[in-house]
Each structure stands twice: as C-alpha cells, then as structure tokens.
1. Only one of VAL99, VAL109 is among the β-branched types (Val, Ile, Thr) and under 15 Å from PHE84 (Cα atoms); which?
2. Within segment 46-78, can you find the residues that are of a type in the set (Lys, Arg) and over 18 Å from ILE96 (Cα atoms)?
3. Just to be sure, is GLU112 touching a strand residue (DSSP E or B) at 6+ places or on another chain (Cβ under 7 Å), more than 17 Å from VAL141 (Cα to Cα) and charged (D, E, K, R)?
4. Taking segment 73-119 on its own, how many of its residues are over 19 Å from LEU60 (Cα atoms), part of a loop (DSSP other than H, G, I, E, B) and of a type outside the set (Lys, Arg)?
5. From (1) at pLDDT below 95; (2) more than 15 Å from LYS139 (Cβ to Cβ); (3) assigned to a strand (DSSP E or B), pick out the condition that doesn't hold for PRO66.
6. What about VAL63, is it touching a Leu at 6+ places or on another chain (Cβ under 7 Å) and surrounded by 13 or more Cβ atoms within 10 Å (Cβ to Cβ)?
7. Can you pull out the residues in segment 41-60 that are assigned to a loop (DSSP other than H, G, I, E, B) and either among the hydroxyl-bearing types (Ser, Thr, Tyr) or surrounded by 14 or more Cβ atoms within 10 Å (Cβ to Cβ) (or both)?
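The values are calculated or read from the model by the stated rules, or taken from the named source; none is laboratory data. Quick caveat: nothing in here was measured; it's all calculated off a predicted structure. Cβ placement follows ideal geometry from the backbone for every residue including glycine, while neighbour counts extend to all protein chains displayed.
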Amino acid sequence: MDVSDLRQRILRALEAGKNDAALRRSEGDAAVAAFDTFLVNVAVPLLKQAQSILKAEGQLFTVHSPAGSAKLVADGSSQTFLEFVLDTSGNRPLVIGRVSLARGSKRVVVDERPIATDKAIKDLGDDEVAAFLVTEIPKLV
C-alpha cells in the first residue's frame, strides 16, 4: 500500500473520531438537560406524592433531590431507598431506577433497571414513573 493512501485513510479516521466524540458530547449534554427537567417536573413531584401516601400508611420516608438524582429514603435506614439517576454509559442515555434494600445490619441488595427503554428522556412522564413506583415501593416497606 502506498504511504500517501494509508496517511489519507488514517487522517479520515481521525476526523471521523473527532466528529463522533463531538456528537457524543452534545448528546450527553442534551441528555443531562432533559434529565434535569425530568427530575423537576416528573420524578420529584411523584416521589413527594408517594411520600405523602406512605406517611398516611404509617411508613416514614423522606424525599431527597440533590443535583443529578431524586431519592425516596426510608427514615429508619439510609440504605433503604429508591432513586432515579441518569446512565450515560451505554449507547443511549437512560433514566435508571435504583432500589437499595438493607437486609440486616451488614447486607444491602441493590437492583436497578431502566424506567423505559423505548422512550427518550424528554418523553418520560408520570405514567412511566408511576409504573416503576407501584412495582418497587412495596419492596421498600
């Protein structure tokens, strides 16, 4: 192979790699912005509603919403909680629902799954979050 042909191929590959990295960064930034909107408009309000419902049933939980997540934590154990986080490690950013259950004094079981794999973050709404909460909250009490 001619050196100039190889050089051209390598340069094209490097340029394509730069373009792919820029696209991934912009998609990641858009996902973070959509996730922040999702937290404020959907996740935190529904977690607060769930907290009120649980309190009426004698189950005490607190809603925490630090930057980048929203969490419903059992007042009796900080290791028992349900939270929503953004996962950007895969091909497509996803909202992950994570459930952590304290089992005894030393064992913690953590389970996580996407809230919806077939929807963009900006399209997630009350129905998807409510379905997750209805499935997972009974495990916390």
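1. On the way: VAL109 fails: under 15 Å from PHE84 (Cα atoms).
Going through VAL99, VAL109 in turn, the sole match is VAL99.
2. Residues satisfying the conditions are LYS48, LYS55.
3. On the way: touching a strand residue (DSSP E or B) at 6+ places or on another chain (Cβ under 7 Å): yes; more than 17 Å from VAL141 (Cα to Cα): yes; charged (D, E, K, R): yes.
Against the criterion (touching a strand residue (DSSP E or B) at 6+ places or on another chain (Cβ under 7 Å), more than 17 Å from VAL141 (Cα to Cα) and charged (D, E, K, R)), GLU112 qualifies.
4. Residues flagged as over 19 Å from LEU60 (Cα atoms), part of a loop (DSSP other than H, G, I, E, B) and of a type outside the set (Lys, Arg) within segment 73-119 amount to 10.
5. For PRO66, the exception is condition (3).
6. When the stated conditions are applied, VAL63 passes them.
7. GLN59
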